[in-house]
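The values are calculated or read from the model by the stated rules, or taken from the named source; none is laboratory data. Keep in mind the model is a prediction, meaning the values are calculated, not measured. As a convention, Cβ positions derive from the backbone with ideal geometry for all residues, glycine included, and neighbour counts pool all protein chains shown.
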Amino acid sequence: MPSSMAGHSHKSTTKVAHKPFKAGKGRHRKGKTADERPRTPHQQVMSKLDRRNQNRQRQLEKQKEHRLEASIFSGRDAAPRNVAVIPLCGDCDAAEAVKALNSSLDIEVAVGASGGALRVPIDRFKQQLQYIIVPSDRDVLASIDAARAADFVVLLLSATEEVDERGELILRSVESQGLSTLFTAIHGLSSIESTKQRLTTLESLKSFMRHFHPDQEKLFSLENRQECSNLIRSLCSATPKGIHWRDERSWMLVEDVQFGSADGDAAAVLTGVIRGRGLKADRLVQVGDWGTFQVDKITAAPLEARKPKAAAADSMVVDSQEGHEGQEGENGVLDVPTEDRDDLAELAPEGTVLVDSEDDDMDDDDIDARSTAAASRKGVLLDDHHYFSEGENEATKPARRLPKGTSEYQAAWILDDATSESGSDMDEDEDEDMAGGPNEDKAEPADGMEGIAQYAPIEAGAGQSEYPQSEAYVEKDDEQEAEQLALYRSQKRTEAEDDLEFPDEIELHPHVLAHERLARYRGLKSLRSSRWNEKEDRPYEPEDWRRLLQIPDYRASRIRTSREALIGGVAPGTRASVHLAKGVIPEAIRATYSSSKPVTLFSLFRHENKQTVVNFLINLSAEEPRSIKSKEEIIVQCGPRRFVVNPLYSQSGVTPNDVHKFARFIHPGQSAVATFVGPVTWGSVPTLFFKRTKTSTVPLLPGVSAPPSLRLAGTGTALPPSTSRVVAKRVVLTGHPYHIHKKIVTIRYMFFNREDVEWFKALPLWTKRGRSGYIKEALGTHGYFKATFDGRINPQDSVGVSLYKRVFPRKAVAFQEWAPVASGQEVNAQGDEMDEDIA
C-alpha cells in the first residue's frame with residue numbers, strides 16, 4: 001500500500017498542449033470556409049455596418065410610404081382633406097366652429113347654417129380642407145356618414161353643458177365603425193370667468209375624452225385664435241390614420257347630385273373626388289342608403305377655375321382599354337364598362353343549382369320520397385341512424401361492404417364496418433384541434449357526451465342513504481295522473497323562475513303526441529362532434545336556399561377579390577362624375593335628399609351584391625336595458641350598407657361538425673353569432689347593431705333635445721359567410737324520477753303515451769347533475785318507462801332528453817330612413833313566432 005502511494009503524481013497544470021498544425025488540408029479548400037451549412041437570416045450575426053444599413057433601408061421605406069400616402073393631397077389639383085365637424089352637446093354649433101377656424105387665418109368664406117360640404121383653400125399651407133358640417137340637430141346617421149368619409153374628425157364639446165344621451169350615442173357609434181385621426185375642440189371655455197374653474201373644466205373634459213380615446217392629450221379652445229391656428233396647422237400637415245376597411249375600397253364623398261329624367265341616359269350623376277383604390281366602371285357602387293347601382297360611365301369633372309388639358313385628363317386613367325383612348329381626350333370619358341361588368345342579380349339563375357356532392361343533387365320527386373319515408377319511420381333520427389325501424393325498406397338502408405358472392409342470409413351474420421358512409425374515418429386529432437379554442441363554452445349535460453360526469457361506482461355497505469327503496473309499479477287512472485301532473489308543473493315553474501336551469505325546456509300537453517309535434521327534431525349523441533345529416537332537411541329548406549352563393553374557400557376568394565381592386569380604374573385623387581346606369585330612382589329618394597346630409601359612394605368588390613348566409617359576431621352592450629330575442633327586428637350597419645334584419649343568434653366558436661346551438665335570447669354583456677341571408681361582405685368589417693326606440697308623444701320643454709330614434713345595442717365584426725353552418729334549435733323534454741332502485745329508475749311526466757316512449761327510445765338520457773342513461777322499457781300506457789343510468793341519481797334531480805332541428809335564417813331588407821316604421825305589435829309578433837314553431 002505505501003509503495004503504491006509513493007508512485008502517484010498529480011497532472012501538471014502549467015503544461016500547455018498546443019493544437020497541432022494540420023498541414024496540407026487547407027490548401028485544397030480554395031475560397032471555402034470551414035462551415036458551409038446554410039444559415040437563416042436569424043442565425044447570421046450581422047456586423048455593425050450591416051445593421052446600420054438595414055435600419056437605414058427601413059427608414060427610407062417608411063418615408064417612401066409616407067410620401068405616397070400624402071401625395072394625394074399635394075399638387076395643384078390635389079384632393080382636399082375631408083374634415084368632419086360633429087357636435088356632441090346641444091349648445092355646440094358646427095358652422096360657428098368652422099367660422100372660428102377660418103377666422104384664425106383671416107379666411108372669409110360663407111358658411112351655411114344648414115350644414116353640408118364646404119371646400120376652403122388654405123393658401124398658407126398650400127392645402128385644401130373640405131369641411132363636412134353636421135347640422136345642429138345632431139342626426140345620428142348623418143354624423144356616422146360624415147365620420148365614415150372623413151380623414152380627420154373634430155368633435156365639439158361644451159364647457160357649460162354635459163354630453164347628453166344623443167352625444168354619447170354619436171361618440172360610441174363613430175368610434176365603433178372605425179375612426180381616422182381625431183381632434184377635440186371646446187366651445188364656450190372663455191365664458192368661465194374664474195381661471196381655477198376654467199382649468200378644472202378643462203381637466204374634466206380631458207378625462208371624459210381619455211375614457212373613450214386615451215391618446216387625446218390636447219384639447220383646442222375655439223375662442224383662442226392661436227389654438228385655432230394650431231388646429232388648422234395640424235389638419236393641413238398631419239397624415240391621416242385612415243380606416244382599413246374603407247381604404248381597401250374605392251370611395252367618394254359626393255359633392256353634387258344631379259337626378260336624371262325618365263328619358264335620360266343616366267339615373268343620376270354623382271360628382272366628387274375619388275379616394276381609396278381606383279374606381280372601375282365594371283364594379284357595382286353603393287350610394288348611401290339609396291341602394292346598389294351599375295355604372296354607365298365615369299367622366300372627368302375638374303374645377304372650373306383650373307381645367308386640366310386633354311393630356312392631363314389622359315394621365316388620370318390607369319390601365320384603360322385601347323379602344324377608348326380616343327374618347328378620353330375628346331369627351332373626357334375616363335372609364336366605361338367592359339364585358340367583365342357585374343350585374344345586379346342577387347341569386348343564381350333558376351336552372352343553376354350549386355351542389356356539393358352527388359348525394360345533394362336530388363329533384364322534387366326524391367324530396368317527396370324522402371319525406372314520405374321519414375313519415376313511415378318507427379323511431380327518431382339519432383345522428384345518422386333511424387333506430388327501431390323494422391319495416392324500413394331495403395333500398396333506403398346504407399350500402400355495406402361485403403365480400404363478393406355473399407348471400408342475404410350470410411350478410412346477416414356479418415357486422416357493419418366501422419367506417420363512415422364516405423368510406424373514410426375522421427381524424428380525431430384534427431377534430432380536437434378544431435373544437436378547441438379560448439372562447440369555447442363549457443359543455444353541459446344537455447349538449448351530449450362532453451357534459452356527462454364521470455362514472456360513479458355504487459358504494460358498498462354505505463348503510464342508510466337518501467335514495468328510496470324500490471316499489472311495485474301501479475298504474476293510476478287518468479284523473480289521478482292529471483292532478484299529480486298539474487301539481488308537479490306548478491312547483492317546477494316556480495323553480496324555473498328562480499334559477500333558469502333549463503332555458504330550452506318545453507312542456508307537452510298530455511293529449512298531444514310528441515312524435516307528431518316534434519317530427520322535425522332529431523337526437524344527437526354529441527352536439528359538437530356528431531355528424532349532422534343535411535339530407536333530412538331538404539324538404540324544409542327555403543325556396544331560394546339552393547340559389548344562394550356558396551363559397552368553398554373563403555380566404556382564397558377574399559384575397560383574390562381584394563387584389564383585383566389594386567389594378568386598374570380611375571386613379572385616386574381625380575375629381576370625376578359617376579353616371580349611374582339608366583333607371584328610375586324612387587321618388588322618395590328625390591324628395592328626402594338634402595345637401596345638408598352627407599352622401600357617400602362606395603365601390604363594391606366582386607360578388608358583394610350576391611346573397612348568401614352571412615354571419616356577424618355581436619357583442620351586446622352591458623348597458624342594454626333588456627335582452628334581445630332571436631328573430632327580433634334589428635338594424636345592422638356593415639361598412640357602407642345598412643339592413644333591417646331578423647337574425648338568428650347562435651353560440652360562437654369552431655366545432656368539428658359545424659353545428660351551433662340556437663340561442664333564444666342574447667343577454668346584456670354576452671356575445672353570439674347573428675345569422676341572416678344578405679349580401680356578401682369581404683373582410684373583417686366593423687359592424688354596428690341598432691334598435692329602434694319608441695317615440696314619445698309628451699311635448700318637450702324648451703331647450704331640451706328630443707331623444708334619438710335609434711340606440712346602439714351592440715357592436716361586432718363580419719365573419720366568413722357559410723351556407724353549411726348549421727344553427728340547431730334545441731328543445732328539452734324533462735321527466736321526474738318516480739321510483740329509484742340503484743341504477744334503475746322509473747321516469748314519469750316526460751311522455752304521456754306508450755307510442756312516444758317507443759319512438760324516442762333510442763335517445764340518450766341525462767340529468768342536470770351529469771349522469772347519463774338510456775330507456776330500458778316502457779311501462780303501462782301513460783308514458784312511464786324504466787331507465788338505466790351510469791350511477792345513482794338524486795330524487796331531486798331532473799331527467800332530460802335533448803332534441804334538435806335546423807332553423808334557417810331570414811332574408812335581410814335594405815334600410816330606408818324615409819320608410820315608415822313598423823308598429824311594435826308587428827315587431828313583437830315576428831319575434832314570438834319561434835315559440836310557436838316547435839313542430
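Conditions tested, residue by residue: (1) buried (at least 20 other Cβ atoms within 10 Å of the Cβ); (2) in contact (Cβ under 8 Å) with a residue 60 or more places away in the chain; (3) on the phi > 0 side of the Ramachandran plot; (4) not assigned by TED's automatic domain parsing to the domain that holds F689.
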{"site": "S596", "(1), (2), (3), (4)": "no, yes, no, yes"}
{"site": "Q611", "(1), (2), (3), (4)": "yes, yes, no, no"}
{"site": "V614", "(1), (2), (3), (4)": "yes, yes, no, no"}
{"site": "E623", "(1), (2), (3), (4)": "no, no, no, no"}
{"site": "S630", "(1), (2), (3), (4)": "yes, yes, no, no"}
{"site": "Q637", "(1), (2), (3), (4)": "yes, yes, no, no"}
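Could you tell me how many of the residues in the stretch 192-220 are exposed (fewer than 11 other Cβ atoms within 10 Å of the Cβ) and either among the β-branched types (V, I, T) or within 15 Å of S158 (Cβ to Cβ) (or both)?
1
G735 passes all but one of (1) part of a strand (DSSP E or B); (2) of a type in the set (G, A, S); (3) within 30 Å of F616 (Cβ to Cβ); which number fails?
(3)
Among the residues of the stretch 791-805, what is the count of those that are of a type outside the set (D, E) and more than 36 Å from the chain's Cα centre (by Cα)?
8
Looking only at residues in the stretch 517-539 that are touching a helix residue (DSSP H, G or I) at 6+ places or on another chain (Cβ under 9 Å) and not in a loop (DSSP other than H, G, I, E, B), which one is surrounded by the most Cβ atoms within 10 Å (Cβ to Cβ)?
Top of the filtered list is R522.
Go through (1) surrounded by 16 or more Cβ atoms within 10 Å (Cβ to Cβ); (2) farther than 16 Å from S158 by Cβ one by one and return the number of the condition H244 breaks.
Condition (1) is where H244 drops out.
For every residue, the table says whether it meets (1) surrounded by fewer than 19 Cβ atoms within 10 Å (Cβ to Cβ); (2) touching an Asp or Glu at 6+ places or on another chain (Cβ under 7 Å).
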{"position": "P737", "(1), (2)": "no, yes"}
{"position": "I744", "(1), (2)": "yes, no"}
{"position": "N753", "(1), (2)": "no, no"}
{"position": "L763", "(1), (2)": "no, no"}
{"position": "T767", "(1), (2)": "no, yes"}
{"position": "Y774", "(1), (2)": "yes, no"}
{"position": "G783", "(1), (2)": "no, yes"}
{"position": "R792", "(1), (2)": "no, no"}
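When you go through (1) over 30 Å from L157 (Cα atoms); (2) surrounded by fewer than 19 Cβ atoms within 10 Å (Cβ to Cβ); (3) in contact with a helix residue (DSSP H, G or I) (Cβ under 9 Å, 6 or more places away or on another chain) one by one for S261, which number turns out not to apply?
Condition (3) is where S261 drops out.
Working only within the stretch 212-229, note down all residues that are within 19 Å of T181 (Cβ to Cβ) and either assigned to a helix (DSSP H, G or I) or under 29 Å from the mean Cα position of the chain (by Cα) (or both).
Of everything in the stretch 212-229, those that are within 19 Å of T181 (Cβ to Cβ) and either assigned to a helix (DSSP H, G or I) or under 29 Å from the mean Cα position of the chain (by Cα) (or both) turn out to be F212, H213, P214, D215, E227, C228, S229.
Please pick out the residue among D123, D91, D106, D145 that is of a type in the set (D, E, K, R) and surrounded by 20 or more Cβ atoms within 10 Å (Cβ to Cβ).
So the residue among D123, D91, D106, D145 that is of a type in the set (D, E, K, R) and surrounded by 20 or more Cβ atoms within 10 Å (Cβ to Cβ) is D145.
Could you tell me how many of the residues in the stretch 51-77 are modelled with pLDDT of 85 or more and either of a type in the set (S, T, Y) or within 15 Å of T574 (Cα to Cα) (or both)?
2
Go through the stretch 90-141 and give me each residue that's among the acidic types (D, E) and not in a loop (DSSP other than H, G, I, E, B).
Hit for the stretch 90-141 is E96, nothing else.
Could you tell me which of the residues K99, K48 is surrounded by fewer than 18 Cβ atoms within 10 Å (Cβ to Cβ), at pLDDT 85 or above and either within 30 Å of T160 (Cα to Cα) or among the small types (G, A, S) (or both)?
Unique residue meeting the criteria: K99.
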